[in-house]
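Structure, as structure tokens:
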Amino acid sequence: MVKVGRQSNSMIKRKKSTLVLIVVLMLAIFYMQLQTTIPGIIQDLDFDLSKKDAPPVTELHPYVLKQKNELVRLTEEKGITIIISDGYRSHEEQTRIYNQGRTTGGSIVTNAKAGESLHNYGLAIDFALKLKDGSVIWDMEYDGNNNGKSDWMEVVEIAKSLGFQWGGDWANFPDYPHLQMDFGLSIRELQRGKRPPEDIAIP
């Protein structure tokens with residue numbers, strides 16, 4: 001009977017040890033999940049003490065406006081006429097465009113919701129080519145100045161030399177008419193109220 005009792009006690013101890021190991025393992029897994037989940041939850045809640053109440057944006061940033069005008073001038077010198085089809089875009093307009101192809105008719109033209117586009121912060125423009133007859137085209141192969149080069153890509157080359165980033169370089173969702181300047185700021189930073197200085201000067 002003593003031997004049987006000792007065996008029972010030994011089994012109980014092994015079960016307790018196994019149970020403790022399982023609990024410790026589960027706690028470790030739970031802790032690791034918290035480490036990866038909580039920051040995301042905090043970001044989603046936009047819990048940020050550094051968030052600023054920035055004045056609303058209602059027009060293009062002065063430097064973007066200046067470089068936009070320079071783009072129009074330089075392309076004209078090459079015999080290419082462009083129009084700026086979009087610049088600053090309100091949140092309401094962004095929502096309307098985002099809904100296109102989703103809840104309204106037409107094709108999907110953007111993945112950016114209101115507040116997620118640099119247009120909403122006056123830091124982006126869209127362009128198109130304007131022909132001599134006044135018609136507007138988005139033909140990336142068109143060579144209106146007959147120099148053997150695509151007018152569209154000539155515009156893009158000039159825009160990049162002026163500091164613009166081209167949406168056509170985006171791998172996931174290329175936006176060929178889109179040109180922007182983010183001044184090193186992310187969308188999240190812009191949403192939190194950060195803005196590039198009004199008097200910024202980039203060579």
**Prompt:** Any idea which of (1) in a helix (DSSP H, G or I); (2) open to solvent by 40 Å² or more (accessible area, probe 1.4 Å) is the one residue 154 doesn't satisfy?
**Reply:** (2)
**Message:** With the requirement that a residue be open to solvent by less than 60 Å² (accessible area, probe 1.4 Å), in contact (Cβ under 8 Å) with a residue 24 or more places away in the chain and β-branched (Val, Ile, Thr), what does the stretch 52-104 give you?
**Reply:** 57, 64, 75, 80, 81, 82, 83, 84
**Asked** Out of 196, 174, which single residue is surrounded by fewer than 13 Cβ atoms within 10 Å (Cβ to Cβ), modelled with pLDDT of 95 or more and not in a strand (DSSP E or B)?
**Response** 174
**Neighbours by Cβ (under 7 Å, 6+ apart or cross-chain): first from the stretch 118-138, within 19 Å of residue 154 (Cα to Cα); second of a type in the set (Phe, Trp, Tyr) and open to solvent by 20 Å² or more (accessible area, probe 1.4 Å)** = 128/138; 129/142
**Request:** Output the residues belonging to the stretch 122-148 that are in contact with a Pro (Cβ under 7 Å, 6 or more places away or on another chain) and assigned to a strand (DSSP E or B).
**Result:** 126, 127, 128
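The values are calculated or read from the model by the stated rules, or taken from the named source; none is laboratory data. Computed from a prediction, not measured in an experiment: that's the story for all the values here. Methodologically, a virtual Cβ is constructed for each residue, glycine included, from the backbone with ideal geometry; neighbour enumeration extends over all protein chains shown. Ligands, DNA and RNA are stripped out before the accessible areas are found, and what is left, the full protein with its side chains, is counted by its heavy atoms. Shrake-Rupley method; radii C 1.70, N 1.55, O 1.52, S 1.80 Å.
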